[in-house]
Amino acid sequence: MKRILIIEDEQSIAELERDYLEISGYKVDIASDGNQGLELGLNGEYDLIILDLMLPGVNGFDLCKQIREKRDLPILMVTAKADDVDIIRGLGLGADDYITKPFKPLELVARVKAHMARYERLIGSKDTNDLIVIRGLTIDHDSRRVFLNDQEIMLTIKEFDLLYFLAKNPNRVFSKDHLFERLWGIDALGDTQTVTVHVRKLREKIEMDTENAQYIETVWGAGYRFRV
């Protein structure tokens with residue numbers, strides 16, 4: 001049975017989320033503050049985390065950052081306000097998706113199912129010796145690890161997916177809409193801003209000069225391409 005951790009300080013919301021997820025066949029634990037959420041998120045065996053941003057103790061942004069540094073699993077961010085700055089910050093710290101309050105419980109369940117299914121496909125569809133090596137950058141699909149000049153680069157799930165997809169299709173230009181639909185799914189909550197944030201974070205990690213990218217190139221008015 002898949003296990004989900006809900007980190008939410010509003011008891012009524014947490015219990016509503018738990019009830020709908022348990023009806024859908026998931027095992028659910030609830031952490032009511034940031035400190036408890038961090039402990040469970042780092043040490044518990046979970047398949048997905050639903051993370052509220054406004055928490056007592058450790059806030060949701062710090063939680064997301066610390067969990068993402070140690071764990072490779074989907075993180076669904078919940079925010080009470082659709083503030084672009086908060087959303088960009090949360091996605092930049094490693095959240096895979098976001099949903100704003102108030103939301104329909106069935107929409108949350110659908111989003112959880114979509115992220116779990118997508119993650120299972122990604123870790124289950126391994127091609128033998130699927131290794132991409134370009135100008136000091138090594139992308140190992142089997143182990144989902146990335147190395148730059150023999151130094152490992154730590155990427156989030158979606159950062160790796162985006163980098164691998166672009167590198168697997170070199171010199172082709174992909175629009176933000178195409179990348180969002182391909183990697184997040186047509187039903188994902190969000191917009192192409194999500195792609196922009198992930199490209200920026202990738203460049204910070206793999207480019208020597210983010211203003212003159214040698215790997216992920218912006219084609220103005222069209223999208224992005226991986227240069228070889």
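Residue check: residue 85 meets all listed conditions (1) in contact (Cβ under 8 Å) with a residue 12 or more places away in the chain; (2) farther than 22 Å from residue 18 by Cα but one, namely (1).
For segment 119-134, the criterion of being modelled with pLDDT under 80, closer than 20 Å to residue 90 by Cα, outside the structural domain of residue 215 (by TED's automatic domain parsing) and within 16 Å of the chain's Cα centre (by Cα) is met by at least one residue.
Residue by residue, here is whether (1) modelled with pLDDT of 85 or more; (2) among the aliphatic types (A, V, I, L, M) holds:
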{"site": "142", "(1), (2)": "no, no"}
{"site": "146", "(1), (2)": "yes, yes"}
{"site": "157", "(1), (2)": "yes, yes"}
{"site": "171", "(1), (2)": "yes, no"}
{"site": "194", "(1), (2)": "yes, no"}
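Applying the criterion of being surrounded by fewer than 20 Cβ atoms within 10 Å (Cβ to Cβ) and among the β-branched types (Val, Ile, Thr) to the residues of segment 198-228, the residue that is nearest to residue 154 (Cα to Cα) is 210. The residue that is nearest to residue 1 (Cα to Cα), among those in segment 36-51 that are buried (at least 24 other Cβ atoms within 10 Å of the Cβ) and free of Cβ contacts under 8 Å to residues at least 60 places away in the same chain, is 49.
The values are calculated or read from the model by the stated rules, or taken from the named source; none is laboratory data. Since the model is a prediction, treat every value here as computed from it, not as a measurement. Note: ideal-geometry Cβ built from the backbone for every residue, glycine included; neighbour counts use all protein chains shown.
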